[in-house]
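Undergrad: To start, I am sharing the structure in question, which I have written as structure tokens.
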Amino acid sequence: MASDLAIVLFLAPAIASVASLLLQKARIAEYLTAAAAILDLIVSIPMLIEVLRFGPVLALHGYILIDTLGAWVILCIAVVYALSAIYAVGYMRLLDEDERLPLFYTLFSGFAFTMFAACVMNNVGVFWIAIELTTLISTFLVGFEREAESTEAAWKYIVVVSGGISLALLGTVLFYWGGSFVFGPTYAMTWAALHESAAKVYTPLLTVSFLLVLVGYGTKAGLAPMHTWLPDAHSESPAPVSAMLSGALLNASMLGIARFLSVVDGTRTGRFAHSAVVGFGIFSFVLAALFIIRQTDVKRLMAYSSVEHIGVQALGLGFGGVLGVAGALYHMLNHSLNKSLMFFGSGNAMRAYGTKDMSGIRSVLRTFPASGTLWLLGAVGIAGAPPFALFLSEFTILRAGMAGRYRWAAILFIIFLIVVFIGFLAHFRRMYFDEAAEPGSKLTGLAWRAVPMWLAFAPILVLGLWWPQHLWSLFTHISTAMSGGAQ
Amino acid sequence: MILSNVVLQILQVLCVLLLAPLLQGFILKAEERVQRSRGPSLLQPYRDLWKLFHKECVFPDSASWIYWIAPFVAFTAMLIVPILIPVLTDRPLPLSDMGDMLGGGMVLTLGSFAIILAGLDTGNVYGGIGSSRAVMLGILAEPTLILVLVGISLLAKAMLPFVVNHLLLGSLSVYWSPAHVFLILGFFALLLVETDRLPIHSSTHIEIYMIDEARILEYSGPLLALLKWASMMKQFILYTIFCNVFLLPWGMSLLGSPLGQLGSVLTLLLKFLLVAVAVIVVETVQSRLRFYRYQEPLAAGFLFAVLAIVSSQLL
Amino acid sequence: MFLAHLNSLEASIFSSLAILSLLLAFVMLGSHWLRNYVYAFAAESWLIAALSAAVGYFGGYRELYAIAILTALFRGLVLPWLLVRIIGRLNVKRELHAVLQPSSSLVLGALLVMFAFVIANYMNHESSTAGHVVILALTIMFSMKFIGFLMLSVRDEAVSQILGLLVLENGIFLGSQILVPGMPMLIEIVILFDLLIVVACFGMLVRFLLVHAGTTSSRELQRLVG
């Protein structure tokens, strides 16, 4: 049953992509993509429940593995895919490029397809290939607007990220080599095989391999100091693509890090691995906090906020234990929702005011009464305040940090959380409550652009007030699976 | 019928003496052929030497005894070296341990040194330029040569070229080892420089660019013939060392019968053919380097020699 | 394990081919002209293909012959041809070194090779002939990574950066041939073709850069900062 759902999950974006390419009609492409995305979202929820209840599903001679962690990340990605696809219908029409829109939707669905593929890959090498494919497809999405800045951003993106994930490939080869001492020269490198061989591999080899994989996939995820491509790529791409990049792609990369972390968990290098992840996490958080204060461009502000939240997720994974992992996974979903909301709002503001510079955006409430309120509330949420969902997940991660060896990181976390809160909301205060010289223009298609914001906001509010017991048991299940049942 | 050792040694020297112009003729003709012109005949250097021996000798007033002695010194040095290196036979002949590889290198350099002094001797401006440039190249090239010889001695654990030859014949793993590969590359760079090939020398007769021709500008007649022959023999000897000691140590006669010697000579010419083709390709592809960039190919050769020594110790 | 049964001839051949590839990486580091980079890269790819074939011959891995031929064709011919075409379209033939002179970058490269040797020693715990080849393979893999990253950092031409990335991939491929020749062929072939797609994407991007941003030198791509 889960594998049938998976087939639907993959077929929908594939068909949308190919149809957009072949039919070359903008309206059809838009609606087809939105339909495929909503279908994917609907399908991913029962798939998660199935996998939780009946255990992981293997398919295609063991090349595909749908386990709880992968299914959860697929859910997060599907959420962003659906919201962005709906938003894109309204937003991309504003760009006045109807002839090129089918290409956009082809790439868009293709991007979603590769991200889903990355989540279910059992073979570590093929996982790397899927991540590489996401880079290649999203580069053209980033550079879609064919401006000087977009092209520059796309170039930086592909060069930095390709360099980074080649490190991940080196780490993968070294893991394979380590495993070949245990399994012989030829074996299928599945996650399970890595788990099995990790304890018997020479410890320095394991350490170096893990570090390489961490830095490699960390580049893709946006951990500092490898994040340099992130502000450019996320700010220069069209708003729906920014939401996908921030909400979905970063999650897929964190999946890679999480899986590798669970591989080395329990070996002699496990402590060092967790410390490394915590180190990168807290460094990203601090760096992003400091950069958030001095931003002038609204989308770059959102991009640095993504770096910050990826840092939080890394902290959660690094702190470990049930609390840490649960917090990180919950944070994945909440961040996807909240960040999509923020990027949608900034997209609206950009188009209305004609500029990305925050000093040019003033009195947002006058231009967007309803969605503007949503945007403001989303800003409060993404800065980590209650009663929104991100507060709950960050609080959980904080609890995990205080309980273990990494108290220093937890304290730094608290201090810089306050910095982020003040800095982020200062920008929003200026945008909302300072008087404007002239109001922004009201553009068409507001319904398409506002509905996703409502759809994103509602869960944030609900999940912030109530953490469902089912989700908690799901996370506990994932956490025990990740640590090989040892904890 | 095995030839006696004395005969074999004389044969080796004669081989170098008589076949050196043939090699030079081949290189000149092949260069021209590669550039799609007809080129001089293969036997042209013989005819040139013959012509020079029948000309009269004109010498400047300011010449001293060095002027007279230098061609003989150079020629004799080139006749001594074939005794020391494996040219035709595989086993060491009696007089071949008069000098090991460093000794052979020293005798080769002695010949060049004599000609450098001769260039300075007459007080001619062009002679001075040629000699100073040749000395500069020597400063750059000699350390590489020494290091290459040291490298090969470290591999063979002996300083005799015959031992190296046997080692390479016997052990394929040493032949393919990184140290040996680097030594081949380093010696090839040296070969290009010492035999007056591009990218350093050029066969132009414009005085400003001349290096080696400038030194012998003052000579004429039989003395010039001796000098030209000496440089051709030097080229032949360097190719012999390159082939028989480094690159293609196969094909030399073991016993010393006349048929074996003939076969040896033919194999030698074949090996030279291959090396000469490589040299010509390198030469045709490049143009002459500017003067202050001469250290670049020589530095590359030096680097190769150092890497050879390092990798022979590490691996 | 395959490497545990190496004799000295095999060790010599593998070592020579691997070290010559590293040397060609240094040649790329020190060149002024973009075309020389591409030729050195092509030569390096051919050497790695030869290494693949040698490993296949001595280790008895028949499928490595196919990989060797594919490598020689794609990495050794098609990729350099694509790159030469990209260079032909651009206006630059020569790298204008603003950050680091080639000679300094060569010295830096040598230091990085030593660092790579230290890491390789740390990671390995055998000490036979096989151990030497393993340490050599690890050293060269890491050094080519470092040199690739060095090329990415100090060069500002777009084509040099593409070549830096390709050197990175070449290093991994070289190491994987010696260390894990038994890796499933599917993975190796897909990685090979992946490289082709990467270069095609880069080609398109370079064209976009030229058209929209007006330059391919990253010194001048400074619009997005902070």
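Undergrad: Specify which residue in the list A:Ala328, A:Ser109, A:Thr396 is farthest towards the positive end of the charge dipole of chain A, using unit charges on the beta carbon of Lys, Arg (+1) and Asp, Glu (-1), about the Cα centre.
TA: A:Thr396
Undergrad: Using amide H atoms built 1.01 Å from N in the peptide plane, name the residues 5+ places from C:Glu157, or on other chains, whose amide H lies under 5 Å from its own.
TA: Answer set, sorted by chain and number: C:Ser218.
Undergrad: Starting from the eigenvalues of the Cα gyration tensor, five times each then square-rooted, give me the equivalent ellipsoid semi-axes of the stretch B:5-314, largest first, whole Å. Don't jump to the answer; show the numbers that get you there.
TA: Working: eigenvalues 181, 106, 76 Å².
Semi-axis lengths for the stretch B:5-314 are 30, 23, 19 Å.
Undergrad: No solvent, one uniform scatterer per C-alpha: report log10 I(q)/I(0) for the stretch A:2-482 via the Debye equation at q = 0.07, 0.10 1/Å, two decimals.
TA: Here log10 of I(q) over I(0) equals -0.32, -0.68.
Undergrad: Explain nothing, just compute: Karplus ³J(HN,Hα) = 6.51 cos²θ - 1.76 cosθ + 1.60, θ = phi - 60°, for every residue of the stretch A:223-233 in order, whole Hz, x for Gly and Pro.
TA: 6, 6, x, 9, 8, 4, 7, 5, x, 5, 5
Undergrad: With the cut-off at 1.5 for a/c, could you classify the stretch A:385-427 from its C-alpha gyration tensor as rounded, prolate or oblate?
TA: Working: a/c = 4.66, a/b = 1.51, b/c = 3.08.
Oblate shape, in that a/c is at least 1.5 and b/c is the bigger or equal ratio.
Undergrad: Which whole-angstrom value gives the distance between the alpha carbon centres of the stretch A:1-79 and the stretch B:109-133?
TA: Cα centroid of the stretch A:1-79 versus Cα centroid of the stretch B:109-133: 83 Å apart.
Undergrad: With an 8 Å Cα cut-off and a minimum separation of 6 or more residues, compute the relative contact order for chain A in percent.
TA: Working: 843 pairs, mean separation 75.5, N = 487.
Averaging sequence separation for qualifying contacts and normalising by length gives 16 percent for chain A.
Undergrad: In peptide C:163-172, what is the residue-averaged number of other protein chain Cβ atoms found within 10 Å of each Cβ?
TA: On the way: counts 0, 3, 5, 1, 1, 7, 4, 0, 2, 8.
Average per residue, whole number: 3.
Undergrad: How many angstrom lie between the C-alpha centres of the stretch A:188-234 and the stretch A:256-280?
TA: 9 Å
Undergrad: Relative to the longest principal Cα axis of chain A, at what angle does helix A:26-54 sit, 0 to 90 degrees, rounded to 10?
TA: On a 0 to 90 degree scale, this one is about 40.
Undergrad: If you fit an axis through the alpha-carbon atoms of helix C:79-89 and take the longest principal axis of the Cα set of chain C, what angle between them do you get, 0 to 90°, nearest 10?
TA: Once rounded, one gets 10 degrees.
Undergrad: In addition: Once phi is turned into θ = phi - 60°, what whole-Hz ³J(HN,Hα) does the Karplus curve with 6.51, -1.76 and 1.60 give for every residue of the stretch A:402-416, x standing for Gly and Pro?
TA: Per residue, the Karplus-derived 3J(HN,Hα) values read 5, 7, x, 7, 9, 4, 4, 5, 5, 5, 4, 4, 4, 4, 7 Hz.
Undergrad: Sticking with this structure for a sec: Among rounded, prolate and oblate, which fits the stretch B:141-184 when a ≥ b ≥ c are the square roots of the eigenvalues of its C-alpha gyration tensor, a/c under 1.5 means rounded, and a/b larger than b/c means prolate? Intermediate values should be presented prior to the final figure.
TA: On the way: a/c = 2.59, a/b = 1.44, b/c = 1.80.
Cα axes put the stretch B:141-184 in the oblate bin.
Undergrad: By per-residue mean of other Cβ atoms within 10 Å, what is the highest-first order of C:41-52, B:17-28?
TA: Values: C:41-52: 22.9, B:17-28: 19.9.
By packing density, highest mean first, the sequence is C:41-52, B:17-28.
Undergrad: Percent of Cα-Cα pairs per 10 Å bin, from 0 to the last occupied bin, for the stretch C:110-159, please list those.
TA: For the stretch C:110-159, the binned pair fractions read 28, 42, 21, 8, 1 percent.
Undergrad: Sort B:Lys228, A:Lys200 by Cβ crowding within 10 Å, fewest neighbours at the top. Mind dumping the intermediate values first?
TA: Working: B:Lys228 20, A:Lys200 13.
Final ranking by Cβ density, sparse to dense: A:Lys200, B:Lys228.
Undergrad: Another question, if that's okay. Of the listed pairs A:Lys25/A:Lys299; B:Lys228/B:Lys271; B:Lys51/B:Lys271; A:Lys156/A:Lys339; A:Lys25/A:Lys220, which have alpha-carbon separations greater than 28 Å here?
TA: Values: A:Lys25/A:Lys299 30 Å; B:Lys228/B:Lys271 23 Å; B:Lys51/B:Lys271 30 Å; A:Lys156/A:Lys339 22 Å; A:Lys25/A:Lys220 33 Å.
Checking Cα-Cα distances, A:Lys25/A:Lys299; B:Lys51/B:Lys271; A:Lys25/A:Lys220 exceed 28 Å.
Undergrad: Treating only the Cβ atoms of Lys and Arg (+1) and Asp and Glu (-1) as charged, compute the dipole magnitude of the protein assembly as shown about its Cα centre; round to the nearest 20 debye. The partial results should precede the final answer.
TA: Numbers: 57 positive and 54 negative charges, 175 e Å.
For this selection, approximately 840 debye.
Undergrad: Does the stretch A:128-239 come out rounded, prolate or oblate, given a ≥ b ≥ c as the square roots of the eigenvalues of its C-alpha gyration tensor, rounded meaning a/c under 1.5 and, failing that, prolate meaning a/b above b/c?
TA: Details: a/c = 3.83, a/b = 2.59, b/c = 1.48.
Prolate, since a/c reaches 1.5 and a/b exceeds b/c.
Undergrad: Hey, can you grab everything whose amide H is under 5 Å from the amide H of A:Ile64? Only 5+ residues off in sequence or another chain; H modelled, so Pro and N-termini drop out.
TA: Sorted by chain and number, the residues that satisfy this are A:Ala59, A:Asn122.
Undergrad: I've got another one for you. Just the number: Rg to Rh for the stretch B:220-277, Cα atoms, Kirkwood Rh, two decimals.
TA: Working: Rg = 14.0 Å, Rh = 12.7 Å.
Over the Cα atoms of the stretch B:220-277, Rg/Rh equals 1.10.
Undergrad: Shifting gears a bit: Please report A:Thr33, A:Thr269 as a ranked list, fewest other C-beta atoms within 10 angstrom at the top and most at the bottom.
TA: Working: A:Thr33 30, A:Thr269 22.
Ascending Cβ contact count within 10 Å gives the list A:Thr269, A:Thr33.
Undergrad: Kirkwood hydrodynamic radius for the protein assembly as shown: how many Å is it when counted over pairs of different Cα atoms?
TA: Working: mean 1/r = 0.0310 Å⁻¹.
One over the average 1/r among Cα pairs gives 32.3 Å for the protein assembly as shown.
Undergrad: How do the peptides A:184-193, C:169-178 rank, highest first, by the average count of neighbouring beta carbon atoms within 10 Å per residue? Let's see the in-between values first.
TA: Values: A:184-193: 17.4, C:169-178: 25.4.
For the peptides A:184-193, C:169-178, the packing ranking is C:169-178, A:184-193.
Undergrad: What is the helix-to-structure angle for A:298-319, meaning the angle in degrees between its Cα long axis and the longest Cα principal axis of chain A, kept from 0 to 90 and rounded to the nearest 10?
TA: 20 degrees
Undergrad: What 222 nm value per residue comes from the helices of the protein assembly as shown, counting each DSSP H run with n ≥ 4 as -39,500 (n - 2.57) and dividing by all residues, nearest 500 deg cm²/dmol?
TA: On the way: 40 runs with 760 residues, N = 1028.
Roughly -25500 deg cm²/dmol at 222 nm, from the helical runs in the protein assembly as shown.
Undergrad: Restricting to Cα pairs below 8 Å that are 6+ residues apart, what does the relative contact order work out to for the stretch A:266-331? Please round to a whole percent. Mind dumping the intermediate values first?
TA: Numbers: 72 pairs, mean separation 24.6, N = 66.
Relative contact order comes out at 37 percent.
Undergrad: Residues of A:138-144, mean number of Cβ from any other protein chain within 10 Å of their own Cβ, rounded to a whole number?
TA: Values: counts 0, 4, 4, 0, 0, 5, 0.
Mean partner-chain Cβ count within 10 Å for A:138-144: 2.
Undergrad: I would also like to ask the following. Order of C:Met28, C:Met144 from fewest to most other C-beta atoms within 10 Å?
TA: So the ranking, lowest neighbour count to highest, is C:Met28, C:Met144.
Undergrad: Another question about this same structure. Please turn the phi angles of the stretch A:114-124 into ³J(HN,Hα) values with the Karplus equation 6.51 cos²θ - 1.76 cosθ + 1.60 (θ = phi - 60°), one per residue in order, whole Hz, x for glycine and proline.
TA: 5, 5, 4, 4, 4, 6, 9, 6, 8, 7, 5
Undergrad: With 27 Å as the cut-off, how large is the P(r) tail for the stretch C:2-215, expressed as percent of Cα-Cα pairs? Don't skip to the end; give the middle numbers.
TA: Numbers: 7224 of 22791 pairs.
Everything past 27 Å amounts to 32 percent.
Undergrad: How well do other chains shield peptide C:206-214, expressed as the mean number of their Cβ atoms within 10 Å of each residue Cβ? Spell out each step's value before the answer.
TA: Details: counts 2, 1, 9, 6, 1, 3, 10, 8, 2.
Taking the mean over all residues of the peptide, I get 5.
Undergrad: Taking amide hydrogens as modeled 1.01 Å from N in the peptide plane, which residues meet the under 5 Å criterion relative to A:Thr269, leaving out close sequence neighbours?
TA: Excluding prolines and chain starts, which carry no amide H, there are no hits.
Every number in this text was worked out from the coordinates using simple rules, so none of it is lab data. All values derive from a computational prediction rather than experimental measurement. Note: ideal-geometry Cβ built from the backbone for every residue, glycine included; neighbour counts use all protein chains shown.
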